[in-house]
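Enquirer: Sharing a structure, written as structure tokens. Questions coming.
The values are calculated or read from the model by the stated rules, or taken from the named source; none is laboratory data. Being a predicted model, the structure only gives us computed values, none of them experimental. Neighbour counts run over all protein chains shown; Cβ positions are idealised from the backbone, glycine included. Surface accessibility is based on the protein's heavy atoms, side chains included, excluding ligands, DNA and RNA. Shrake-Rupley method; radii C 1.70, N 1.55, O 1.52, S 1.80 Å.
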Amino acid sequence: MRTYTHALWSLALVWAVAGSAGAADEIKIGLLYPTSGIYAAPAKQGIQGATLAFEEAGGQVAGRKIVTIVEDDEAKPEVALAKAKKLAESDRVNVLMGIIWSPNAMALRGYLSERKLPLVISEAAPRPITQELGTPYIFRTGFASGQLDYPFGQYACSKLGYKKIVVIAFDSIFGRELGDFIDAGCKQAGGAVVEKIYAPVETADFAPYFARIQQANPDAVWALWAGAAALRFLKQYDDFGMKQKYPLIGHGALTDEAVINAAGSVAQGVVSYYNWSPAIDTPENKRFVEAYRKRWGSEPGVYSAGGYRAASAILAAAKAVGGDVANTPKFLEALKAVRLDIPSPIRFDAHQQAVHSLYIRRVQPGPGGKLVNAVIGEVRGIEQYWPKGKPAK
Amino acid sequence: MQLVAFQVVNGLVYGMLLFLLAAGLSLIFGLMRVLNLAHGSFYMLGAFIGLALVQATGNYWLAFFVAPLLVALLGAVFEILFLRPLYRREHGGHLDQMLLTVGFIFVFVDVVRSIWGGDVLGIPTPEALSGAVSIFGVFLPKYRLFIIVLGLALAATLWFFIEYSRLGAMLRAGVDDADMAEGLGINVSRMFTLTFALGVGLAALAGVSSGPMLGVHTGMDLEILIVTLIVVVVGGMGSLKGALIASILIGEADTFGKAYFPEATMFLTYLIMVGVLLFRPTGLFGIRQDA
Amino acid sequence: MPERTDAAGLPATRIVTILRYAGVTLLAALALVPLGLGDYARSIVAEVLLFCIFAMSLDLLLGFTGLISFGHAAFFGIGAYTVAVLGAQFGLHPLLGALVALVVAAFAAAVIGFFCIRASGVYFIMLTLAFAQLLHSVAFKWRAVTGGSDGLILRSLESGVTTYYVIFVAFLGVYFGLRRLIAAPLGQVFIGIRENETRMRAAGYATARYKLLSFVIAGCLGALSGALFALLNGFVSPAVLFWTLSGEGLIMLILGGMGTLVGPIVGAAVFIGLKHTVSTYSDHWEFVVGAIFIACVLFFKQGIYGWCREILVRGPRS
Amino acid sequence: MSILRLVDLTKTFGSLLATDCVNLSIDAGERHVIIGPNGAGKTSLLNQISGQLRPTSGRILFKDVEIAGLAPERICKLGVGRTFQRNNLFNRLSVLDNVRLAVLARRGNPMNAFVPMARLAALESRSVEILELVGLGDRRAALVRTLSYGEQRQVEIAIALATEPDLLLLDEPTAGMSPAETGQMVSFVAALPRTLTILMIEHDMQVVFSLADRISVLHYGRLLATGAPAEISRNESVQEIYLGTAH
């Protein structure tokens, strides 16, 4: 019988530990980022950006201490869901932020509604989550897929004069969608995408696809590659002398600061677009870049800006409700009204998707000879793009 | 016609890179019966150490020669410290050794990420090999041609070494029958260390020489591992000839697949493997395997 | 050296009694979990239980039949995707989906097994890995059905408590079923193949047939764990087919001790527990996994359970 | 009446001839011993009969049924049992389990996944019967790897007998045994019923001559001579190449 008694005691202990809740006067924020694995570097940027925002606020809002808990979602939807449950049920956070890997956002959607837990997405771009699958609990300070791409398609045709474009992107729902949006934007401006090439995400060698580009003989090539693949693409595109024949334009990920630093001269002259660039010449952005550099001793990237932006939105809303983030309806209302100017201006539309500025950038040597994404054009007030038409209110 | 020639050459480039990896993996398996699943990790280490050397000295060729040597040294230490204690176990401890190398996949990638961070990095193409040449109207980067030459030269060197050198003869004896080799007075444990060092050194060479073409990042270990394993299995474990032929076969299949059947590329290599193993359960040139 | 699981062969000593008490206590505690623990803790326990099934199924293959599969994630994924696809596309109830998953997995295991069992040793390992990766590619590519990298969201059961009990009952069924099977002639034939296949053939056993059978049973149970995973998580993505999951299964076995049924259970529990705690406090989860793996292979060949048994049976350093 | 006939049986390994056009006929109930120097291809010959090796060409007729190239398990089911030259057992299992697995194949239902083996009394009593026959009745609970070498040889025979063969192939049953153990083995084999045909490989000439009805001599894969013991010991070429070297 002794064995049984022991076991029951330890069981009771487990209950006691699991049941304990955090102090009520803290603002608990869960950060979901893929801190291990291949997205570790972007995740680090995002967390650093968010941390900077929390520190600038003095680590408190309306006298309530901000407590952040970082969890690694491993860029796997299953893990993201499990970690969100842990943050919600065990750590009892008031709000979640982060998410880089798009499928993770989709995976969390149902659970967040069920749990009535707000999430501010800093990066993940699946379009439906602020459109037909929108929920009151999900906000996005990052962009939705298509939001920047459709207007850029127009821009490339009308302003840059590329009427015939070849799309080469990684093969995923996201990649294919973006290809279609570029196509739609082009068509709207009187051009066309003449060929779409979708290659595996982990493509090592792009040479086989170059032959197809040559056959199509376009005015420009639009590319969507990220991380290591982006670096390879830029290098090989240059190695094969493609860049002289077919100007390269692409999504901002293609010329991410980390990528162009590693790529060097082969990236020079590539035109890309994003909702931000460290080279944006405004006092607000300069202040952010300077503060980030000072705090972390490294250059901010797009994910740093993303993390900073999401954290700032949460801070602003928390301030508006006097720190009472536990009152979810009030907090959600406050979030909707948030407007930010740092590092670049955003506000939320009726579907809780941030309205961004579109920055057209060109890779060129900046002050000190280092390559930067210099801003060569800006389109303000870019709302998310509704491929099936915006529903009537 | 030019397009086909262009793809053939590109397939060859990829094939040669695979050959450097497959040759080492196959030799290690052939002699030691150890399936080194950390082979991709040594490839990655080669690339990162090469990158560090390029950054420190600015000299690509120094990195090209020194990084593989350093990794080979690391491989020798690895073999002595971790693999050697396991040979005495049941069935030569080969299952344990394989599992051990799986553990090191995780360890190596975390160590590399801790040192170099998770960012994408690149090795600049050496001055002498940058730019491109046009052969019969086919436009090819010089560096790619260099990879082909490197792969073929190494294939010839390895073949020559195995066929004609004393060490090579011992190696062949060991591959055929480890017990017999020991009976002939060959110091098998030193042979094992040397072979392992050679094998992972070749992987590191592949890593450092792919740097200017494919970049350097922390996911490169697993990206290359699976396809290398497929090459070795198709060619037959322990066969250099098999490794060469299968490397070219898979390299060309992958390249042509991408160009002409883009939707099916992901399956093509697996289908080749399943097909080959269906008819030849030990690969195209595999040794009989009783273990 | 893992000892053979043969409940009948063990001497009825005090140790056995203690182990039995411990086992019964544990089962009683597991049955009471939903009453006491919160949602999150309960889902962790449920996750442990379903990975116990996964590890036991792999153990049937590796620990009992001696077939080293590096592609067991294939069946986990088949189970998870069958439930998710049938639920999301046809509105089938997940429990019915789980039953269908068993049938699908049996069929898939028969086909995959047919190819793999022709090969031996490393070639077997490689083929299992290749088939799993092939399925991973299919899940990635066949967007219309699988949702590609976005995965599939599926309807979960009425309540978390129900889900827990479904998983608990499945766990009990698999554990006692496998215990029965191992002690029965079929299980003994599997052990015979593990110990000495040549001898088995010379004694009149068509071993290929039995290996295939073991592969199919293990595949079905692996699919069961995958189906339960889909049920618990309400979401399935290609990660459930990735080779790292096969690797994690191997870690669980080595950690707990293969060739026994309790070993995989201990291994799965420790592994999942570690995973949830370490990844919260450190970004070096991969390093920890690798180090555990290496330490187990080098020093704890018999796994935690084997080691405990040894100490219990022989006393500490007697 | 012959139970086993080898017709032009040939096995090559690359350029090496392991079995060179062997013709041999063995009668039911006969005790036939194959002798020959090391590397003569004796074990290869046995392996072809029991299916571990596939012959390159030629025929093997067991009870007038072609068995060349069949899988070992098929051949076993047809009634050919064997022991191995080096002990080839289930080392981590008990003696009883070793034999019981073989009994199960013959008399039980191996596909039974529900009833514990220990409860199948018929299998156990049959296994114990065989173990007592080979003199291991009181060792049944021991793990095979803890047995002495000679005892392990006995387990080999027990497993072979448990398959209930009509033809028993013994590959050097006394190899590595002490003289006392060898004596026991000889009397054991001699006492086996005459309904069982035995084809054995043996080096120990005392054993050979005390058991054999007929002897065959293999040399470099070729069958040099077959005949009664007295004939063989008189055969000049046999004396020259085999007995000569044995002295």
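Enquirer: Could you work out the relative contact order of segment D:95-247? I mean the mean sequence separation of Cα pairs under 8 Å and 6+ apart, divided by the number of residues, in percent.
Expert: Over segment D:95-247, the number comes to 17 percent.
Enquirer: Further question on the same structure: What is segment C:93-209's relative contact order, in percent, from Cα pairs under 8 angstrom and six or more apart in sequence?
Expert: Over segment C:93-209, the number comes to 13 percent.
Enquirer: Quick one: grab the alpha carbon gyration tensor of segment A:149-274, order the square roots of its eigenvalues as a ≥ b ≥ c, and give me rounded if a/c is under 1.5, else prolate or oblate depending on whether a/b is larger than b/c.
Expert: Rounded, since a/c falls under 1.5.
Enquirer: What is the set of long-range amide H partners of A:Ile66 at a cut-off below 5 Å, with H atoms built 1.01 Å from backbone N?
Expert: The list, which skips near neighbours in sequence, is A:Ile27, A:Gln60, A:Val61.
Enquirer: Further, regarding this structure: What is the extension gain from D:Glu236 to D:Leu143, computed as 0.36 nm multiplied by their sequence separation minus the C-alpha to C-alpha distance, in nm to one decimal?
Expert: Value of the extension gain: 28.7 nm.
Enquirer: Oh, and also: Taking 2.2 N^0.38 Å as the expected size of a compact globular protein, what ratio does the Cα radius of gyration of the protein assembly as shown give against it, to two decimals?
Expert: 1.04
Enquirer: Could you please report the charge total around C:Phe229, scoring K, R as +1 and D, E as -1 over all other residues with beta-carbon less than 9 angstrom from its beta-carbon?
Expert: Result for the local shell: -2.
Enquirer: Right, here's the next one. Distance check, please: which entries in A:Lys76/A:Lys159; A:Lys336/A:Lys388; A:Lys163/B:Lys258 exceed 31 angstrom between their Cα atoms?
Expert: Table pairs above 31 Å Cα-Cα are A:Lys76/A:Lys159.
Enquirer: Let me ask something additional. Hey, what angle do you get for helix B:166-176 against the long axis of chain B, alpha-carbon based, 0 to 90 degrees rounded to 10?
Expert: The angle comes out near 70 degrees.
Enquirer: Let me ask you something else. Work out how much length B:Lys142 to B:Leu278 would gain on full extension: take 0.36 nm times their residue separation and subtract the Cα-Cα distance, in nm to one decimal.
Expert: Value of the extension gain: 45.0 nm.
Enquirer: When all protein chains stay in place, what accessible area (Å², nearest 10, 1.4 Å probe) is found for A:Lys164?
Expert: 80
Enquirer: Students often forget the sequence filter, so: which lysines lie under 18 Å Cα-Cα from A:Lys235 once same-chain residues fewer than 8 apart are removed?
Expert: Partners within reach: A:Lys243, A:Lys245, A:Lys370, B:Lys142.
Enquirer: Shifting gears a bit: Work out the FRET efficiency for B:Leu3 and A:Ser158 from their Cβ-Cβ distance, taking R0 = 22 Å, and round it to the nearest 0.05.
Expert: For B:Leu3 and A:Ser158, the calculated efficiency is 0.10.
Enquirer: Continuing with this model, one more query. Give the interface area between chains C and B as buried accessible surface, both sides summed, probe 1.4 Å, in Å² to the nearest 100.
Expert: Rounded to the nearest hundred, the buried surface is 3800 Å².
Enquirer: Using a 1.4 Å probe on protein heavy atoms, which residues of segment B:193-219 have at least 30 Å² less accessible area in the complex than alone?
Expert: B:Met213, B:Leu214, B:His217
Enquirer: Now for a different question. Does chain A come out rounded, prolate or oblate, given a ≥ b ≥ c as the square roots of the eigenvalues of its C-alpha gyration tensor, rounded meaning a/c under 1.5 and, failing that, prolate meaning a/b above b/c?
Expert: prolate
Enquirer: So which residue, out of A:Glu378, A:Glu114, A:Glu284, gets the largest mean-square fluctuation from a GNM of chain A using Cα contacts under 10 Å as springs?
Expert: Evaluated over chain A, the most mobile residue of the options is A:Glu114.
Enquirer: To the nearest 0.05, what FRET efficiency results for C:Phe176 and C:Ala291 with a Förster distance of 51 Å applied to their C-beta separation?
Expert: The pair C:Phe176/C:Ala291 has a calculated efficiency of 0.90.
Enquirer: For segment B:36-112 and segment B:262-285, write down the distance between their C-alpha centroids in whole Å.
Expert: Using only Cα atoms, the two centres lie 28 Å from each other.
Enquirer: Just give the residues from segment D:55-94 buried by at least 50 square angstrom of accessible area in the all-chains context relative to the isolated chain, probe 1.4 Å, and say none if nothing qualifies.
Expert: D:Glu73, D:Asn88, D:Phe90, D:Arg92, D:Leu93
Enquirer: If you don't mind, there's one more thing I want to ask. To the nearest 10 degrees, how steep is helix A:227-239 against the longest Cα principal axis of chain A, on a 0 to 90 scale?
Expert: 10
Enquirer: Using a 1.4 Å probe over the heavy atoms of the protein chains, calculate the carbon and sulfur portion of the accessible area of chain D as a whole percent.
Expert: The C+S portion of the solvent-accessible surface of chain D is 52 percent.
Enquirer: Among rounded, prolate and oblate, which fits segment B:2-279 when a ≥ b ≥ c are the square roots of the eigenvalues of its C-alpha gyration tensor, a/c under 1.5 means rounded, and a/b larger than b/c means prolate?
Expert: It comes out prolate by the Cα gyration axes.
Enquirer: Give a residue-ordered list of calculated ³J(HN,Hα) values for segment C:113-122 (Karplus: 6.51 cos²θ - 1.76 cosθ + 1.60, θ = phi - 60°; whole Hz; x for Gly, Pro).
Expert: Couplings: x, 4, 6, 6, 6, 4, 8, 9, x, 4 Hz.
Enquirer: With all protein chains present and a 1.4 Å probe, how do A:Phe288, C:Phe300 order by accessible area, largest first?
Expert: C:Phe300, A:Phe288
Enquirer: Keeping all protein chains in place, calculate the accessible area per residue for the protein assembly as shown (probe 1.4 angstrom), answer in Å².
Expert: 37
Enquirer: Taking a probe of 1.4 Å and counting only protein heavy atoms, give the total accessible area buried between chains A and B in Å², rounded to the nearest 100.
Expert: It comes to approximately 2600 Å² buried between A and B.
Enquirer: Same structure again: Averaged over peptide C:289-302, how many Cβ atoms belonging to another chain are found within 10 Å of each residue's Cβ?
Expert: Mean partner-chain Cβ count within 10 Å for C:289-302: 5.
Enquirer: Moving on to the next point. Using a 1.4 angstrom probe on the protein heavy atoms only, could you order C:Trp142, B:Trp116, A:Trp386, A:Trp276 from most to least accessible area?
Expert: C:Trp142, B:Trp116, A:Trp386, A:Trp276
Enquirer: Using a 1.4 angstrom probe with every protein chain in place, what is the largest-first accessible-area order of B:Phe261, B:Phe106?
Expert: Final ranking, largest accessible area leading: B:Phe261, B:Phe106.
Enquirer: Would you calculate the volume per residue, in Å³, of the smallest convex hull containing every Cα atom of segment D:87-164?
Expert: Per-residue hull volume (Cα only) is 82 Å³.
Enquirer: Another one. For segment A:230-260, state which residues have at least 40 Å² less accessible area in the presence of all protein chains than in their chain by itself, taking the probe as 1.4 Å and leaving out ligands, DNA and RNA.
Expert: Residues losing area: A:Leu231, A:Arg232, A:Lys235, A:Asp239, A:Phe240, A:Ala258.
Enquirer: Related question: Nearest 100 Å², what total accessible surface is buried between chain D and chain C (probe 1.4 Å)?
Expert: Protein heavy atoms only, the D-C interface buries about 2800 Å².
Enquirer: Let me ask something else. Springs between alpha-carbon pairs under 10 angstrom, Gaussian network model over chain C: which of C:Gly79, C:Gly147, C:Gly303 fluctuates most?
Expert: With Cα springs under 10 Å in chain C, the top fluctuation among C:Gly79, C:Gly147, C:Gly303 is at C:Gly147.
Enquirer: Could you tell me what percent of the accessible area of segment C:39-245 is made up of carbon and sulfur, with a 1.4 Å probe and every protein chain present?
Expert: Answer for segment C:39-245: carbon and sulfur cover 70 percent of the accessible area.
Enquirer: Follow-up. Across peptide D:112-123, what mean number of C-beta atoms from other chains lies inside 10 Å of a residue's C-beta?
Expert: Partner-chain Cβ atoms within 10 Å, mean over residues of D:112-123: 6.
Enquirer: Can you list residues whose amide H is under 5 Å from D:Leu218's amide H, if they're 5+ apart or on another chain and H is modeled 1.01 Å from N?
Expert: D:Ile35, D:Gly36, D:Leu224
Enquirer: Applying 1/(1 + (r/R0)^6) with R0 = 30 Å to the Cβ-Cβ distance of C:Val16 and B:Ser189, what FRET efficiency is obtained, to the nearest 0.05?
Expert: 0.10
Enquirer: How much mean residue ellipticity at 222 nm does the protein assembly as shown get from its helices, if each DSSP H run of length 4 or more adds -39500 (n - 2.57) and you divide by all residues, to the nearest 500 deg cm²/dmol?
Expert: Roughly -18000 deg cm²/dmol at 222 nm, from the helical runs in the protein assembly as shown.
Enquirer: Could you go through segment C:90-97 in sequence order and give the Karplus-derived ³J(HN,Hα) for each residue, using 6.51 cos²θ - 1.76 cosθ + 1.60 with θ = phi - 60°, rounded to whole Hz, and x for Gly and Pro?
Expert: For segment C:90-97, the Karplus curve yields 10, x, 6, 4, x, 5, 5, x Hz.
Enquirer: Can you work out the Karplus-derived ³J(HN,Hα) for every residue in segment D:194-206? Use 6.51 cos²θ - 1.76 cosθ + 1.60 with θ = phi - 60°, whole Hz, and x for glycine or proline.
Expert: For segment D:194-206, the Karplus curve yields 6, 6, 9, 8, 10, 10, 10, 9, 8, 9, 6, 5, 4 Hz.
Enquirer: To continue, here is another question. Compare B:Thr125, B:Thr195, B:Thr228 in a GNM of chain B, Cα atoms joined below 10 Å, and give the one with the largest fluctuation.
Expert: Evaluated over chain B, the most mobile residue of the options is B:Thr125.
Enquirer: Over chain A, calculate the relative contact order: mean separation of alpha carbon pairs under 8 Å at least 6 apart, over the residue count, as a percent.
Expert: Reported relative contact order: 17 percent.
Enquirer: Counting only protein heavy atoms and using a 1.4 Å probe, what share of the accessible area of segment A:149-274 belongs to carbon plus sulfur, as a whole percent?
Expert: 49
Enquirer: Quote the accessible area belonging to D:Met185 in square angstrom, nearest 10, computed with a 1.4 Å probe and with ligands, DNA and RNA left uncounted.
Expert: 10
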